[in-house]
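Asks: Sending over a structure as structure tokens; questions will come in a sec.
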Amino acid sequence: MKLQMKHWLAGLLGISGIALSSLVPGGPIETRSFSHIDPVILGAFNTFLTTLCLGSLLLIYFVLKSDRWAMFAAAVCGLSFLGVYGLDLAEIFPVSPDGMPIALLAIEVLGTILALPLMVLSMQGISTLKPTTADAPILQAESLPLLQTPRMVIAIGIAIVGLGIIVFATYSAMGL
């Protein structure tokens, strides 16, 4: 994959992740009420959105490393962004009795537009990169304690932040 293409893909992932994360219910942009939606469904949806946002931002590192699996994951993220924005813009899910604020509409239209080149660049990355042994990491017993502890701490930290976002977004969307 060409260096410039890889940077464009990483940039699109970053912009898309930040744009979607700016739409957390209870924030300055997403002000609609979803109190009529079952809290379990709302919580599941917010879990998906939070995973998509954080996952997109974490993928940037692996895309810049030219990991082939990351290109596939970026394509899935692009498709997910397209689906999330498309469902909301088409007023399929989530539906709110409140009107869509102009800022929300602008970000969702921009996010929809950015999802298309994100998917195209990801697919080009998949087709240009050959599978390597890095795509299937081999665990070495002697390196596990040293490498796993910092990764585990980071993973736990990200999970705590994600859980906080999910709880905040779900309570805010319910108007609590």
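The values are calculated or read from the model by the stated rules, or taken from the named source; none is laboratory data. Note that the structure is a prediction, hence the values are computed from the model and not measured. Here the Cβ positions follow ideal geometry from the backbone for every residue, glycine too, while neighbour counts run over all protein chains shown. Please note that ligands, DNA and RNA were not included when accessible areas were found on the heavy atoms of the full protein model with its side chains. Shrake-Rupley method; radii C 1.70, N 1.55, O 1.52, S 1.80 Å.
Asks: Going through Leu12, Leu42, Leu3, Leu87 one at a time, which residue ends up being touching a Leu at 6+ places or on another chain (Cβ under 8 Å) and of a type outside the set (Lys, Arg)?
Replies: Working: Leu42 fails: touching a Leu at 6+ places or on another chain (Cβ under 8 Å); Leu3 fails: touching a Leu at 6+ places or on another chain (Cβ under 8 Å); Leu87 fails: touching a Leu at 6+ places or on another chain (Cβ under 8 Å).
The unique qualifying residue is Leu12.
Asks: Turning to a different aspect of this structure: Do you know which residues across segment 48-76 are within 25 Å of Ser96 (Cα to Cα) and either among the acidic types (Asp, Glu) or touching a Leu at 6+ places or on another chain (Cβ under 9 Å) (or both)?
Replies: Matches in segment 48-76: Leu49, Thr50, Leu52, Cys53.
Asks: If you don't mind, another one. With the requirement that a residue be in a helix (DSSP H, G or I) and out of contact with any helix residue (DSSP H, G or I) (no Cβ under 8 Å at 6 or more places or on another chain), what does segment 77-92 give you? Before the answer, list the steps.
Replies: From segment 77-92, those in a helix (DSSP H, G or I) are 77-89; that's our starting set.
Answer for segment 77-92, where residues must be in a helix (DSSP H, G or I) and out of contact with any helix residue (DSSP H, G or I) (no Cβ under 8 Å at 6 or more places or on another chain): Gly83, Leu87.
Asks: With the requirement that a residue be open to solvent by 70 Å² or more (accessible area, probe 1.4 Å), in contact (Cβ under 8 Å) with a residue 60 or more places away in the chain and assigned to a helix (DSSP H, G or I), what does segment 28-73 give you?
Replies: Thr51, Leu58, Arg68, Trp69
Asks: Same structure again: What is the number of the single condition among (1) open to solvent by 60 Å² or more (accessible area, probe 1.4 Å); (2) touching a residue at least 40 places away in the same chain (Cβ under 8 Å); (3) not hydrophobic (A, V, I, L, M, F, W, C) that Ser127 does not meet?
Replies: With respect to (1) open to solvent by 60 Å² or more (accessible area, probe 1.4 Å); (2) touching a residue at least 40 places away in the same chain (Cβ under 8 Å); (3) not hydrophobic (A, V, I, L, M, F, W, C), Ser127 is out only on (2).
Asks: Could I ask something else about it? I'd like the full set of residues that are in contact with a Phe, Trp or Tyr (Cβ under 8 Å, 6 or more places away or on another chain) and either modelled with pLDDT of 70 or more or on the phi > 0 side of the Ramachandran plot (or both), limited to segment 120-143. If you could, list the steps in order and put the result at the bottom.
Replies: Just the residues of segment 120-143 that are in contact with a Phe, Trp or Tyr (Cβ under 8 Å, 6 or more places away or on another chain), to begin with: 121-122, 126, 135.
Leu121, Ser122, Ile126, listed by residue number.
Asks: Quick one: is Leu104 within 19 Å of Leu20 (Cα to Cα), at pLDDT 90 or above and touching a helix residue (DSSP H, G or I) at 6+ places or on another chain (Cβ under 8 Å)? Before the answer, list the steps.
Replies: Details: within 19 Å of Leu20 (Cα to Cα): yes; at pLDDT 90 or above: yes; touching a helix residue (DSSP H, G or I) at 6+ places or on another chain (Cβ under 8 Å): no.
When the stated conditions are applied, Leu104 does not pass them.
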